[in-house]
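Data block below; observations after.
The values are calculated or read from the model by the stated rules, or taken from the named source; none is laboratory data. The model shown is predicted, which means the values in this text are computed figures rather than measured ones. Note that each Cβ is placed from the backbone with ideal geometry, even for glycine, and that neighbours are counted across all protein chains shown.
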Amino acid sequence: MAITFQVQNTRLPKIKKRETANWIKTVTKGYDRKVGEIAYLFCDDEKILEINHTYLQHDFYTDIITFDYSEEDTISGDIFISIDTVRSNAQKYGTHFDEELYRVIIHGILHLCGLNDKTDEEEKGMREAENRALREVKKDL
């Protein structure tokens, strides 16, 4: 069981790694899941565009791409986060960078726990789950 934080073409955002990992485990437990191997890779827009194009055949920027390797009730995956897009989304939505970053961090975990956001209804459920998790993190981080 490990949660790792790595970077490529950017700097590691100022997050408290241990507290963030504990928060992720707490949220995961709420979905009756256990944490296996989770690797976060913080990158720039160009890297996320490359990943999006190569693996998903999408030709656009995004804030997060999650590759799910979960088995049964143990979640595992690689989560790529574009710091550039997180920063621009924070400006676009009028939120602080840290809040947007933590929203995206937990968004990937929620996908691994089985939540989706393809339909309007799913997206609404995802936002509610993110907001619940963000209320928890504000207490600890």
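So in the range 39-50, with the set limited to residues that are in contact (Cβ under 8 Å) with a residue 40 or more places away in the chain and of a type in the set (D, E, K, R), which one is surrounded by the most Cβ atoms within 10 Å (Cβ to Cβ)?
Step one: of the range 39-50, the residues in contact (Cβ under 8 Å) with a residue 40 or more places away in the chain are 39-45.
Those left that are additionally of a type in the set (D, E, K, R): 44-45.
Working: Asp44: 16, Asp45: 18.
Applying the filter and picking the extreme gives Asp45.
Looking at Leu110, Leu115, which is the one that is out of contact with any Pro (no Cβ under 7 Å at 6 or more places or on another chain), among the hydrophobic types (A, V, I, L, M, F, W, C), assigned to a loop (DSSP other than H, G, I, E, B) and over 14 Å from Thr10 (Cβ atoms)? Please lay out each step first, then the result.
Values: Leu110 fails: assigned to a loop (DSSP other than H, G, I, E, B).
So the residue among Leu110, Leu115 that is out of contact with any Pro (no Cβ under 7 Å at 6 or more places or on another chain), among the hydrophobic types (A, V, I, L, M, F, W, C), assigned to a loop (DSSP other than H, G, I, E, B) and over 14 Å from Thr10 (Cβ atoms) is Leu115.
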Handout entry: Any hit, the range 16-24, residues being over 20 Å from Asn116 (Cβ atoms), buried (at least 18 other Cβ atoms within 10 Å of the Cβ) and either of a type in the set (Phe, Trp, Tyr) or more than 13 Å from the chain's Cα centre (by Cα) (or both)
Key = yes
Practice task
Could you check how many residues of the range 30-50 are over 12 Å from Ile109 (Cβ atoms), in contact with a helix residue (DSSP H, G or I) (Cβ under 6 Å, 6 or more places away or on another chain) and not in a helix (DSSP H, G or I)?
Solution key: 2
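Hey, could you check the range 105-141 for residues that are among the acidic types (Asp, Glu) and free of Cβ contacts under 8 Å to residues at least 24 places away in the same chain and say which is surrounded by the most Cβ atoms within 10 Å (Cβ to Cβ)? Steps first, answer last, please.
From the range 105-141, those among the acidic types (Asp, Glu) are 117, 120-123, 128, 130, 136, 140; that's our starting set.
Of the ones still in play, those that are also free of Cβ contacts under 8 Å to residues at least 24 places away in the same chain are 117, 120-123, 128.
On the way: Asp117: 17, Asp120: 8, Glu121: 10, Glu122: 12, Glu123: 13, Glu128: 11.
Result: Asp117.
Residues are listed down the side, and each one gets a yes or a no for (1) modelled with pLDDT of 95 or more; (2) among the small types (Gly, Ala, Ser); (3) crowded, with 18+ Cβ neighbours inside 10 Å; (4) in a helix (DSSP H, G or I):
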position	(1), (2), (3), (4)
Asn52	yes, no, yes, yes
Tyr55	no, no, no, yes
His58	no, no, no, no
Gly77	yes, yes, yes, no
Phe80	yes, no, yes, no
Arg87	yes, no, no, yes
Completion exercise
Output for Cβ contacts, cut-off 7 Å, separation at least six or different chains, first residue more than 24 Å from Lys25 (Cα to Cα) and in contact (Cβ under 8 Å) with a residue 24 or more places away in the chain in the range 84-104, second of a type in the set (D, E, K, R) and surrounded by 14 or more Cβ atoms within 10 Å (Cβ to Cβ), reads Asp84/Asp44; Asp84/Asp45; Thr85/Asp45; Thr85/Asp63; Asn89/Asp63; Asn89/Glu100
